[in-house]
């Protein structure tokens, strides 16, 4: 049986990995909504857990995906679920803490590398 981690832990891990990729590649300088892209990564990581809210014919198929190693496509979802104790609080809290720290770092670096202005009702950002 597959163990479970809190869905917020999966979201925070997907968010964190996405932000790390943006920071490591320098894409945060180019992408305008980089924190939004991090949230998309979080939703991709949480996708295999959608079987909890889907109606029955679809829930079974998504649950089969959730319980297979193919779920590792979604930011190592299966591996995390099989190696974390059932509903352990430590790992989700650690992922959330890292996500908050990286978000603050990203906002700081964004403010250093982008100059955003609101002029005549138009919002524009220029890379320094």
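Some points to look at:
- Residues satisfying the stated conditions in the range 96-128, i.e. touching a helix residue (DSSP H, G or I) at 6+ places or on another chain (Cβ under 8 Å), modelled with pLDDT of 80 or more and either under 24 Å from residue 48 (Cα atoms) or loosely packed, with under 12 Cβ neighbours inside 10 Å (or both): 96, 98, 99
- Look at the range 61-77: where a residue is at positive phi and a partner is surrounded by 17 or more Cβ atoms within 10 Å (Cβ to Cβ) and in a helix (DSSP H, G or I), sitting 6+ places away or on another chain with Cβ atoms under 8 Å, you get 75/10; 75/13; 75/14; 75/17; 75/41; 75/44; 75/45; 76/13.
- Residue list for the range 29-41, restricted to those being farther than 15 Å from residue 99 by Cα and not in a loop (DSSP other than H, G, I, E, B): 29
- Residue match in the range 56-64 (condition: under 15 Å from residue 4 (Cβ atoms), out of contact with any strand residue (DSSP E or B) (no Cβ under 7 Å at 6 or more places or on another chain), outside any loop (DSSP other than H, G, I, E, B) and modelled with pLDDT of 80 or more): yes
- Test set (1) surrounded by fewer than 22 Cβ atoms within 10 Å (Cβ to Cβ); (2) free of Cβ contacts under 8 Å to residues at least 60 places away in the same chain - residue 18 fails condition number: (1)
The values are calculated or read from the model by the stated rules, or taken from the named source; none is laboratory data. All figures in this text were calculated on a predicted structure; none of them were measured in a lab. Cβ sites come from the backbone with ideal geometry, for glycine too, and all protein chains shown count toward neighbours.
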